[in-house]
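What follows is calculated from the coordinates using simple rules that are stated; it is not laboratory data. A quick note: this is a predicted structure, and the numbers were derived from the prediction, not measured. Cβ: placed from backbone, ideal geometry, glycine included. Neighbour counts: every protein chain shown.
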Amino acid sequence: NAGVTQTPKFRVLKTGQSMTLLCAQDMNHEYMYWYRQDPGMGLRLIHYSVGEGTTAKGEVPDGYNVSRLKKQNFLLGLESAAPSQTSVYFCASRGQGGEQFFGPGTRLTVL
Amino acid sequence: AQSVTQLDSHVSVSEGTPVLLRCNYSSSYSPSLFWYVQHPNKGLQLLLKYTSAATLVKGINGFEAEFKKSETSFHLTKPSAHMSDAAEYFCVVSPMDSSYKLIFGSGTRLLVRP
């Protein structure tokens with residue numbers, strides 16, 4: 001049981017490049033979330049999904065898109081990366097008790 | 001709207017002394033509350049959760065928290081700090097709507113002096 005996994009762990013992009021971050025969970029959870037973490041700001045919700053085929057905007061959705069084609073996977077896309085998107089990105093899935101289980105994170109730098 | 005405030009951005013204690021990390025929440029109804037810990041360059045790990053079953057909640061690694069509705073507080077405590085407790089701690093509230101989103105405090109960095 002791997003829990004929540006994220007790929008890649010690190011990535012460096014140039015401004016304007018695109019990329020996709022992959023999140024996978026093996027706990028059969030319905031709800032999945034993408035957050036970004038910046039110094040002194042805690043975690044902020046980017047997008048979330050309440051089930052396969054559904055997505056919704058969170059607190060800071062601009063510049064990101066998501067897809068949930070399979071229940072176990074939740075993808076986060078950056079179509080045209082900007083330096084303001086330099087951050088650490090965390091994926092999470094929600095358990096039966098309301099708690100969320102987090103992946104190890106992806107550290108993204110946009111030059 | 002729900003929110004959570006962590007009253008200290010940094011807390012420094014000596015090894016073996018008690019730990020107190022303070023958290024106040026704002027909610028129009030009884031919320032679900034959590035404490036998470038994040039060690040450097042790691043993901044977030046759940047320490048404990050309050051979901052209205054008992055006001056004193058015991059978590060992992062000797063941590064516990066008490067839900068006080070009259071004070072709208074959910075402070076995290078540990079009787080004796082260990083060096084391995086040095087990390088960032090987040091108080092989190094969940095507005096029990098259909099999204100089950102989590103709202104994070106800004107975090108408290110715990111330093112443990114030898």
Note to self: Suppose the Debye formula is applied to equal point scatterers at every Cα of segment A:5-85; what is log10 I(q)/I(0) at q = 0.20, 0.23 Å⁻¹?
What the structure shows: -0.94, -1.19
Item checked: Unit charges on C-beta of K, R, D, E only; dipole of segment B:34-114, Debye -> 100 debye
Next item on the list: Using only the Cα atoms of chain B, construct the convex hull and provide its projected area averaged over every direction, in square nanometres to one decimal.
Entry: 7.0 nm²
Next item on the list: Would you order A:Lys57, A:Lys9 from fewest to most other beta-carbon atoms within 10 Å of each residue's own beta-carbon?
Entry: A:Lys9, A:Lys57
Notebook entry, point to check: Which whole number gives the average count of other chain Cβ atoms within 10 Å of the Cβ atoms across peptide A:43-49?
Noted result: 3
Notebook entry, point to check: Can you put A:Val50, B:Val19, A:Val4 in order, fewest other beta carbons within 10 Å first?
Noted result: A:Val50, B:Val19, A:Val4
Next item on the list: May I ask which residue of A:Gly95, A:Val110, A:His47 lies farthest towards the positive end of the charge dipole of chain A, with charges of +1 (Lys, Arg) and -1 (Asp, Glu) on Cβ and the Cα centre as origin?
Entry: A:Val110
Check: Does anything in segment A:69-111 have its amide N under 13 Å from the 7 Å Cα→Cβ label point of A:Asn1, and if so which residues?
Finding: A:95-97, A:101
Notebook entry, point to check: Tell me, what is the percent relative contact order of chain B, built from C-alpha pairs under 8 Å that lie six or more residues apart?
Noted result: 37 percent
Checklist line | Under 13 Å from the Cα of A:Lys70 - aspartates and glutamates, other chains or at least 8 residues apart | finding: A:Asp26, A:Glu30, A:Glu52
Item checked: Span from the segment A:32-111 Cα centroid across to the segment A:5-30 one, whole angstrom -> 9 Å
Next item on the list: Search the structure for amide H atoms under 5 Å from the amide H of A:Met27, placed 1.01 Å from N in the peptide plane, and list their residues when 5 or more places away or on another chain.
Entry: none
Next item on the list: Determine the dipole magnitude for the protein assembly as shown: charges of +1 sit on the beta-carbon of Lys and Arg, -1 on that of Asp and Glu, nothing else is charged, the reference point is the Cα centre, and the result goes in debye to the nearest 20.
Entry: 300 debye
Notebook entry, point to check: Using unit Cβ charges (K, R positive; D, E negative) and no other charged atoms, how large, in debye to the nearest 20, is the dipole of chain A about its Cα centre?
Noted result: 240 debye
Checklist line | Distance histogram in 10 Å bins (all Cα pairs of segment B:1-65, percent per bin) | finding: 16, 48, 31, 5
